[in-house]
1. Determine the calculated [θ] at 222 nm for chain B from helices alone, applying -39500 (n - 2.57) to every DSSP H run no shorter than 4 residues and normalising by the residue count; nearest 500 deg cm²/dmol.
2. What residues have an amide H closer than 5 Å to that of B:ILE5, excluding those fewer than 5 places away on the same chain, when H is modeled at 1.01 Å from N in the peptide plane?
3. Along the Cα-to-C-beta direction of B:ALA67, a point sits 7 Å from the Cα; which residues of the range B:26-59 have their amide N less than 19 Å from that point?
4. With a ≥ b ≥ c the root eigenvalues of the C-alpha gyration tensor of the range B:68-160, is it rounded (a/c under 1.5), prolate (a/b larger than b/c) or oblate?
5. What FRET efficiency do you get for B:LYS75 and B:ARG26 if R0 is 25 Å and r is their Cβ-Cβ distance, rounded to the nearest 0.05?
6. What whole-number distance in Å separates the alpha-carbon centres of the range A:89-104 and the range B:1-76?
7. Stretch A:MET262-A:ASN48 to full length: gain in nm at 0.36 nm per residue minus the Cα-Cα span?
8. Using the 10 angstrom Cβ neighbour count as an exposure proxy, how do B:ASP119, B:ASP201, B:ASP2 rank, fewest first?
Amino acid sequence: MLTMMGITFREGLNRKVMLISLVLAVIFLGLYGTGVHYAGQSFNEHPNPMLAAVVYPQLLSFGLYFGGFIVSFLAIFSAVGAISAEIETGIIQAVITKPIRRRDYVLGKFLGLGLFLALYAALFFIVIAMIINIKTGLVLDGQWRALGLFALQPVVLLAITLFGSVVLPTIANGVVMFMLYAVAVIGGMVEQIGWLIGNTGLQQAGIVTSLVMPVDSLYRKIVHLLMNPTNNPLGALQQMGPFGSMAEPSVWMVLYALSYVMIFTGLAAYAFGRKDI
Amino acid sequence: MDMAIETFNLTKKYGAKVGCAEICLRVPRGQIFGFLGPNGAGKSTLVKMLVGLLFPTSGKAILLGRALGDIEVRKKIGFLPENFRYHDWLTGQQLLEFHASLYKLGGTAKKRRVDEVLDLVGLAGKEKQKVQTYSKGMRQRVGLACALLPDPDLLFLDEPTSALDPIGRKDVREILVTIKALGKTIFLNSHLLSEVEMICDAVAFIRQGKIIRQGLLEDLRTGDIQVEMKIGGLTPALTAALASLARSIEIEDDLVRIRVKQDEDIPRLAALVVTGGGFLFEMNRKRSTLEEMFIRTTGGGEEIC
């Protein structure tokens, strides 16, 4: 399992998708840093503490939301053919005929990719938090727990994409996973609107999509951890908009996301253990 | 006799389609065993079952004394798949080290064995190059090196020389003969019948998923000797006399092709011609080639199961 984990981690670093993701990340963080820099400069020149207290958290949410986007795309692109592409190219034939259990092959892939994605996400989070902290002076609550959840986001996507990679061809898996991710994103926004206008139906639709794909609810939880509205009279304002979080997902949602990871990784190992290559 | 491979009614079905049906094979240790059949006959299906890529629908198999699916026994089994593909972003050395780790080799044993197999397949000095820069032949060699890493007691090779030039093929043949001399067993799937003929001790023919003939190459050949004779004054009576000894007979003008069962029948044929009043101008004993045997046994061509 450790051998598979090692080769998968190294493969993640060597793939073109990693290079492209790094370039995208640098472009994104560069633009983001520039935006935050000028916003901070503007508030320094024309102080408006009330407006700054609303705009800075919005900038943070914006950074984390689109940062999560990039990390999620990397997760799907990295895992979409983790097993199916090796079956399609034939690489797998010389690997799983070695003295290695099939479940160890799957778990090694999961751990290697998971470590790679979690590190990438953590780095992304740290850079965003540093930009915000240095340029705006905003103090973030619960940033370590938020970092953990930010790193968990791609791992959730990895688990289900890895399962898809066992039971579906690579292209079909990619289509399904992007649709699932889109469902989560749209569901999250629908729920946000539901809380804003007090519509129970929209709120429940959002909760159901969170159960199907809990990535977006992890993001909402992160926003809540970083900007706890109970300590802040402007909290409600800060949490408005598509990138805010009007209702904090409970700790049960985090546990659900962790169970989701374990269940789909287990299903991937189970399905692969019975698969004819 | 100690068997490297034994299969008992091993069967693989894909729904209604049969991949392999009731395969019963016995391959003694220390042999090079050729597995032959037309495309689509079920050769790869059997090999994939034996190396653990496919799960049998029914039947069982024993490899090196352990049941099919046993993980530990794989430490002594090497496998070179047909059209072997690699993590080609690795160098040759890194690829071999990765595969050695999968075989649970570590530390100095891993390094020593990697160096040995690089030498054995003629890639020493090329190990620092990325595999994606290797030629087809070099890729085939590095694939063979991966299969040889555990110093296997049983080696499955699926078309091991298909991408090699004549010198490369000769090199691989020599490697296989060397491995055999060490008492190892080699299960060889190959379309290159002349090569199989050169190195195999025994062969099996598969057609439509079923084994239709198997045995030692020598025994299979002995049962099939062709004699070509040029005979003058061939009469119906002489033809009938010759046919009585023959397994089959073909006549084109004065050229007579006869298949007989054993070497002792050859002088009898000559005696029949002389006593039957014919004139024997020429007589050649032709051992049937594996290719002829293959075509006769399998019917040749590609199969659609």
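1. On the way: 10 runs with 106 residues, N = 305.
Helix-only estimate at 222 nm: -10500 deg cm²/dmol.
2. So B:ILE5 has HN proximity to B:VAL27, B:LEU64.
3. It comes to B:49-59, nothing else.
4. On the way: a/c = 1.79, a/b = 1.28, b/c = 1.40.
Oblate, since a/c reaches 1.5 and b/c is not below a/b.
5. In this case the efficiency is close to 0.60.
6. Each part reduced to its Cα centre gives a spacing of 17 Å.
7. Numbers: separation 214, 0.36 × 214 = 77.04 nm, distance 4.73 nm.
Computed gain between A:MET262 and A:ASN48 is 72.3 nm.
8. Working: B:ASP119 12, B:ASP201 17, B:ASP2 9.
Going from least to most buried by this count: B:ASP2, B:ASP119, B:ASP201.
Bear in mind these aren't lab numbers, they're just calculated from the coordinates by the rules spelled out. Keep in mind that this is a model prediction, so the values were computed, not measured. Every residue, glycine as well, gets a Cβ built from its backbone with ideal geometry; the counts of neighbours run over all protein chains shown.
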